[in-house]
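Notes follow once the structure below has been shown.
The values are calculated or read from the model by the stated rules, or taken from the named source; none is laboratory data. Remember, it's a predicted structure, so these values are computed and weren't measured experimentally. Neighbour counts run over all protein chains shown; Cβ positions are idealised from the backbone, glycine included.
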Amino acid sequence: MRLITHNMLASPVKGVETSFPLGIELTKVEVKEQEFNADFLKMMLPKLEWKALVEACQTVGSMLEEMPRLPDTLTDELIEDEEFLKQLHTALLEVYVMDGNLICPTTGRKFPITNGIPNMLCSAESSS
């Protein structure tokens with residue numbers, strides 16, 4: 001699961017007060033090089049929840065030394081800075097959480113990530 005995906009997922013547990021952002025518990029992280037596309041990143045920026053992305057990067061950074069450290073605030077100057085866009089590219093598109101859990105911020109329910117795929121299904125017994 002890439003961090004761009006994490007930034008768009010919310011807890012599917014019904015009736016929770018807060019469903020986003022999901023916490024991340026890491027077991028395995030990989031970096032897979034992808035082609036850089038500045039236009040795609042600029043198009044995605046308005047769709048991202050920046051604070052949640054920065055927090056996810058910090059969590060992943062605890063396990064991955066080469067994880068970019070994104071600034072707390074996104075500015076217009078940064079959007080035009082190619083070095084910043086390359087760091088953002090790495091964070092969003094090249095870092096994969098391969099195994100671990102996503103955690104509902106309200107209930108603490110864990111959704112497993114296996115081979116890079118998050119399972120966001122709620123079983124009948126856990127939906128009450």
statement: Expected single match for more than 18 Å from residue 6 (Cα to Cα), assigned to a loop (DSSP other than H, G, I, E, B), of a type in the set (Val, Ile, Thr) and over 14 Å from the mean Cα position of the chain (by Cα) among 73, 106 is 73
query: Of the residues that make up the range 6-19, is at least one of a type outside the set (Gly, Ala, Ser), in a helix (DSSP H, G or I) and surrounded by 15 or more Cβ atoms within 10 Å (Cβ to Cβ)?
result: yes
query: Can you find even one residue in the range 60-76 that is at pLDDT 95 or above and under 20 Å from residue 10 (Cβ atoms)?
result: yes
- line: Matching residues in the range 21-35 (outside any strand (DSSP E or B), within 14 Å of residue 94 (Cα to Cα) and touching a residue at least 60 places away in the same chain (Cβ under 8 Å)) number 3
